[in-house]
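Shown next, in structure tokens, is the structure this report addresses.
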Amino acid sequence: MADLKNRNLKPNANSELTIDALISSPLVAASKANAEMMLGQTQFILNTCFTKKEGEANSYDPIMIQMSLSQSIIDSNKLPSDEDYMTIKKINFEVPLFCLIPINSLAIDKITVDFVMEVTSTSSWKLTDEDIDKTGKRVNKKQAQLNGKIKGGSNGDSQYTKECSSKLAVHINASPLPLPMGMLAILDLYSKNINPSQKTKRLTPYD
Amino acid sequence: MINKDSTIPCPVCKTPIPFDAQSLLMGVSFSCPSCSASVGLSNQSRPIVEKTMTELETFKKNK
């Protein structure tokens, strides 16, 4: 039976593992890789698109950049031949730098784990009534576990020389995924505040 | 090539205007498909956007 408490990290190609560990280990590694990618990207955005507020921990101000808007306006009260029939209005407005940068949300979206497991031992046990009560659900009283090792092949032509290797193939595919909801919400909030506010004449009771 | 995922709402009519950051740096202006207002990058902000885009490319290569 696999020694689940063994924390010895020395690589051993012939060590026995539970089937859960064999399947979950590459997936957990991919999940950690995903988290590292996200962390790196978040740190990059914070360092380049925001400035830290002085005196306040974990509080950032967006770096604003200026953009120009030009629009042609036609005066319908004038003739096309008139000089000021068409005027070009130009205004400047500020946009957070964060809204312009093409942020890629790169993440692992497909993992294929391929191995052949040699079952070396099996174990089974019965759940006690106490165990069933703790879960609060109806479960099979009898549980089973497979233990094994990754089956490898042997190479070598000569009967006197043999190399044993275990093979575990993990194929990973990463691609840009839609931005997380949190980031979309921040972009949406900033975008809604981009519009320049219109100057209106304050109405008085005498108007 | 304009990335349709990069849009900015038109300050006039709020219609999303697709744009490309690299083209903005080269001085290209993008028009609103609804009201034809044209948006472009201001000259004073060009250095900071250029610096950020360079850092982004470096980050992608090093990652």
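How much solvent-accessible surface does A:Lys52 expose, in Å² to the nearest 10, with a 1.4 Å probe and all protein chains in place?
Surface accessible to solvent at A:Lys52 totals approximately 120 Å².
For a quick check of understanding: with a 1.4 angstrom probe and all protein chains in place, what accessible area in square angstrom does A:Asp82 have, to the nearest ten?
Probe radius 1.4 Å; accessible area of A:Asp82 about 60 Å².
B:Lys51 versus B:Thr15, label points 7 Å from Cα toward the beta carbon: distance in nm?
It is 3.6 nm.
According to a simple spin-label model (label point 7 Å from Cα along Cα-to-Cβ), what is the distance in nm between B:Ser34 and A:Ser105?
Taking the simple label geometry, A:Ser105 and B:Ser34 are separated by 2.4 nm.
Taking amide H positions as placed 1.01 Å from N in the peptide plane, with prolines and chain starts having none, which residues 5 or more places from A:Thr120, or on another chain, fall under 5 Å of its amide H?
A:Asn147, A:Gly148, A:Lys149
Could you go through region B:36-51 in sequence order and give the Karplus-derived ³J(HN,Hα) for each residue, using 6.51 cos²θ - 1.76 cosθ + 1.60 with θ = phi - 60°, rounded to whole Hz, and x for Gly and Pro?
6, 5, 10, 10, x, 8, 6, 4, 6, 9, 4, x, 6, 5, 5, 5
Quick one: if the Förster radius is 45 Å, what FRET efficiency do A:Leu177 and A:Trp125 give, using the C-beta to C-beta distance and rounding to 0.05?
On the way: r = 41 Å, r/R0 = 0.92.
The value I calculate is 0.65.
Would you grab the residues whose amide H sits under 5 Å from the one on A:Ala174? Only those 5+ places off in sequence or on another chain, please, with H modelled 1.01 Å from N.
A:Asp109
At a probe radius of 1.4 Å, what is the per-residue accessible area of B:Lys14, in Å² to the nearest 10?
140 Å²
Return the distance in nm (one decimal) between the two label points of a simple spin-label model at A:Thr51 and A:Ile23, each offset 7 Å from Cα along Cα→Cβ.
Each label point is offset 7 Å from its Cα along the Cβ direction, giving 5.3 nm.
The values are calculated or read from the model by the stated rules, or taken from the named source; none is laboratory data. The model shown is predicted, which means the values in this text are computed figures rather than measured ones. Backbone-built Cβ (ideal geometry, glycine too); neighbour counts: all protein chains shown. Side chains included, ligands, DNA and RNA excluded: accessible areas come from the protein's heavy atoms. Shrake-Rupley method; radii C 1.70, N 1.55, O 1.52, S 1.80 Å.
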